[in-house]
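The values are calculated or read from the model by the stated rules, or taken from the named source; none is laboratory data. Predicted model only: the values in this text are computed from it and were never measured. Note that we place each Cβ from the backbone using ideal geometry, even for glycine, and neighbour counts take in every protein chain shown.
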Amino acid sequence: MPRPDRRELLLESARTLTPAVRELVFRTADGEAFDYVAGQWVTLYVATADGELQRSYSIAASPDPAEPDRIELAVTFVEGGPASGALHAMSLGTRLDAQGPLGFFTLDGIPREAPLVLVGTGTGVAPLRAMLQAELRRSPVEGPPITLLFGCRTPADILFRAELEALAAAHGRFHYASTLSRSEDDWPGLTGYVQTHLGEHCAGRETHVFICGLSKMVKDVRRLLKADFGYDRKRIHTERYD
């Protein structure tokens with residue numbers, strides 16, 4: 001399949017999500033729709049002192065029919081990284097080129113009746129958030145259960161925490177659990193890595209699991225699903241960002 005053409009985006013808004021992550025909201029410069037499916041990603045062409053650099057980011061929100069020209073990204077600042085530094089310093093109204101949408105990490109082809117478990121760490125939650133929004137928009141009340149198991153280091157690193165907690169409170173079919181690898185004494189939630197909590201959520205025979213994060217976590221979860229829970233590869237869907 002040929003790659004999409006480059007197109008120009010305009011930075012409409014930005015906000016700090018965590019000490020290291022900035023949310024960037026872009027619109028297409030020509031006002032035309034940016035047609036994508038929840039879970040896909042884009043490549044940005046970022047102007048830096050080292051020249052134009054390409055960096056890819058998952059789209060962090062589901063398509064909104066009311067604003068089809070809009071996409072959201074969650075960008076982690078990397079110390080010494082020229083592209084992430086430029087994106088974190090970018091002023092509103094800045095234009096840059098992008099290519100996309102790209103990728104096949106989506107809910108397309110998944111049976112509507114299949115329970116979903118979404119496993120993510122860090123900004124790996126971005127495409128999972130998009131999938132969750134899309135699924136709850138499609139069927140807010142009825143439907144199979146959806147679980148998000150989200151691993152972070154500390155409470156300050158939990159992306160979209162208030163939103164995810166509100167969605168879990170409002171939708172009976174959605175269960176949200178975050179686990180911290182560096183927990184604090186007053187932390188009421190799970191502790192440890194996401195790998196240690198799979199048994200609480202992934203036992204269903206029809207469940208499909210979507211995993212996004214660093215390669216080691218993705219490989220570990222995939223291995224455990226096969227070895228301990230009898231999953232075949234058709235029910236395991238992965239995306240790595242390193």
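Got a sec? Which of 115, 82 is crowded, with 18+ Cβ neighbours inside 10 Å and in contact with an Asp or Glu (Cβ under 7 Å, 6 or more places away or on another chain)?
Only one candidate qualifies: 115.
State all residues of the stretch 21-36 that are under 24 Å from residue 160 (Cβ atoms), without any contact (Cβ under 8 Å) to a residue 60 or more places away in the chain and hydrophobic (A, V, I, L, M, F, W, C); if no residue qualifies, say none.
Of everything in the stretch 21-36, just one residue is under 24 Å from residue 160 (Cβ atoms), without any contact (Cβ under 8 Å) to a residue 60 or more places away in the chain and hydrophobic (A, V, I, L, M, F, W, C), namely 25.
Here are some conditions: (1) outside any strand (DSSP E or B); (2) without any contact (Cβ under 8 Å) to a residue 12 or more places away in the chain. Residue 15 meets all but one. Which one does it not meet?
(1)
Within the bounds of the stretch 87-104, is there any residue that is in contact with a helix residue (DSSP H, G or I) (Cβ under 9 Å, 6 or more places away or on another chain), surrounded by fewer than 19 Cβ atoms within 10 Å (Cβ to Cβ) and not aliphatic (A, V, I, L, M)?
Yes, the stretch 87-104 contains a residue that is in contact with a helix residue (DSSP H, G or I) (Cβ under 9 Å, 6 or more places away or on another chain), surrounded by fewer than 19 Cβ atoms within 10 Å (Cβ to Cβ) and not aliphatic (A, V, I, L, M).
Can you tell me which of 209, 221 is at pLDDT 95 or above, under 16 Å from the mean Cα position of the chain (by Cα) and within 27 Å of residue 108 (Cβ to Cβ)?
Selected residue: 209, the only one of 209, 221 that is at pLDDT 95 or above, under 16 Å from the mean Cα position of the chain (by Cα) and within 27 Å of residue 108 (Cβ to Cβ).
Which of the residues spanning the stretch 47-75 are surrounded by fewer than 19 Cβ atoms within 10 Å (Cβ to Cβ) and either polar (S, T, N, Q) or part of a loop (DSSP other than H, G, I, E, B) (or both)?
Passing the criteria: 48, 49, 50, 54, 56, 64, 65, 66, 67, 68, 69.
Restricting to the stretch 110-127, count the residues that are closer than 30 Å to residue 9 by Cα and not in a strand (DSSP E or B).
Total meeting the criteria: 6.
Check the stretch 183-193 and report whether any residue there is crowded, with 18+ Cβ neighbours inside 10 Å and modelled with pLDDT of 95 or more. Step through it out loud before you land on a result.
Taking the stretch 183-193 first, the residues crowded, with 18+ Cβ neighbours inside 10 Å are 190.
Pick out the ones that are also modelled with pLDDT of 95 or more and you get none.
No: the stretch 183-193 contains no residue that is crowded, with 18+ Cβ neighbours inside 10 Å and modelled with pLDDT of 95 or more.
From the list 58, 91, which one is polar (S, T, N, Q), modelled with pLDDT of 95 or more and farther than 18 Å from residue 12 by Cβ?
Only one candidate passes the filter, namely 58.
Tell me, which residue of the stretch 136-150 that is under 11 Å from residue 167 (Cβ atoms) and at pLDDT 95 or above is surrounded by the fewest Cβ atoms within 10 Å (Cβ to Cβ)?
For the stretch 136-150, the residue satisfying everything is 136.
Return yes when residue 109 is under 28 Å from residue 223 (Cβ atoms) and surrounded by 16 or more Cβ atoms within 10 Å (Cβ to Cβ) and no when it is not.
No; evaluated as a whole, the condition is false for this residue.
Would you point out which residue out of 167, 159 is within 22 Å of residue 18 (Cβ to Cβ), among the aliphatic types (A, V, I, L, M) and surrounded by fewer than 22 Cβ atoms within 10 Å (Cβ to Cβ)? Can you show your working first?
Numbers: 159 fails: surrounded by fewer than 22 Cβ atoms within 10 Å (Cβ to Cβ).
Going through 167, 159 in turn, just one is within 22 Å of residue 18 (Cβ to Cβ), among the aliphatic types (A, V, I, L, M) and surrounded by fewer than 22 Cβ atoms within 10 Å (Cβ to Cβ): 167.
Please work out which residue is nearest to residue 113 (Cα to Cα), limiting yourself to the stretch 188-242 and to residues that are in a loop (DSSP other than H, G, I, E, B), without any contact (Cβ under 8 Å) to a residue 40 or more places away in the chain and charged (D, E, K, R).
Going through the qualifying residues, I end up with 205.
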